[in-house]
Amino acid sequence: DDGKGIDVLDIKTGLVVNAILPDKEIETIAIDEQKKILAAAGERKLHIVSTDTLGILKSISIGEEPVSLAIDSDLGLALVTHEEDRVTVIDLNAYKILTEIKVSKKPVSSAVDPGLRLAVIAHKTWGKDDNNVTIIDLNTFAIVKTLQAGKNPRHVTINPNTHQAVIANEKSNDL
């Protein structure tokens, strides 16, 4: 095994039941249950895969170093964060890039609140004033605000019922 591609695991049996994109280096994945697609980013592309057939529907060039992926099923958007300080927004209905948003240094994780139509991007940086998260309005693609977080925020997730984001901070060992 060369460590490439995506394995489909049956969690009941613990067996790998299929492999997708076996020749691709994949950095991050996300599933859109409504559209029945899987999005996989790696090697400068976002691959859209049918969860029914496991066939590739479309591959979109997205640029260098994708690090995280979040999907807003209601809006039909995929957000790919890149190590070089930007977020690419992809229309999952038309399979095309809508825009790119310049954000703070080193975005490493992203999550979407579909009810509020906001995205939260965590930034892994080392400077005293760099530990932050960016909030993006998914209707306008504008940065709404940048908030301070703990030391070295690494992962973000959102509870869509309470509209609260939880950020795991690597260096301050807190949430």
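The values are calculated or read from the model by the stated rules, or taken from the named source; none is laboratory data. This one's a predicted model, so the numbers in the text were calculated from it and none came from an experiment. For neighbour counting, all protein chains shown are included, and Cβ atoms are generated from backbone atoms with ideal geometry for every residue, glycine included. Each accessible area value is taken on the protein alone, full model and side chains, heavy atoms only, with ligands, DNA and RNA left out. Shrake-Rupley method; radii C 1.70, N 1.55, O 1.52, S 1.80 Å.
Looking at segment 124-139, can you tell me whether even one residue there is within 11 Å of the chain's Cα centre (by Cα) and crowded, with 19+ Cβ neighbours inside 10 Å? Give the derivation first.
Of all residues in segment 124-139, those within 11 Å of the chain's Cα centre (by Cα) come to none.
For segment 124-139, residues within 11 Å of the chain's Cα centre (by Cα) and crowded, with 19+ Cβ neighbours inside 10 Å: absent.
Which residues, taken from segment 155-165, are within 16 Å of the chain's Cα centre (by Cα) and open to solvent by 100 Å² or more (accessible area, probe 1.4 Å)?
H155
One line per residue, one yes/no per condition, for (1) in contact with a His (Cβ under 6 Å, 6 or more places away or on another chain); (2) within 30 Å of K151 (Cα to Cα); (3) among the aromatic types (F, W, Y); (4) at pLDDT 95 or above:
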position	(1), (2), (3), (4)
T28	no, yes, no, no
E33	no, no, no, no
S50	no, no, no, no
A70	no, yes, no, yes
D85	no, yes, no, no
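Wholly within segment 12-53, which strands (runs of 3 or more DSSP E) include no fewer than the required count, namely at least 2 residues that are open to solvent by 40 Å² or more (accessible area, probe 1.4 Å)?
Details: elements: 15-20, 28-32, 37-42, 45-50.
So the answer is 15-20, 28-32.
For segment 145-154, name all the residues that are surrounded by 13 or more Cβ atoms within 10 Å (Cβ to Cβ) and either over 21 Å from E100 (Cα atoms) or modelled with pLDDT of 95 or more (or both).
A149, G150, K151, N152, P153, R154
Can you work out which of the residues in segment 54-66 that are open to solvent by 10 Å² or more (accessible area, probe 1.4 Å) and either of a type in the set (S, T, N, Q) or in a strand (DSSP E or B) (or both) is nearest to L9 (Cα to Cα)?
The first filter runs over segment 54-66 and keeps only residues open to solvent by 10 Å² or more (accessible area, probe 1.4 Å), leaving 54-61, 63-65.
Subset that is either of a type in the set (S, T, N, Q) or in a strand (DSSP E or B) (or both): 56-61.
Working: I56: 18, L57: 21, K58: 23, S59: 23, I60: 26, S61: 27 Å.
Once the filter is applied, the top-ranked residue is I56.
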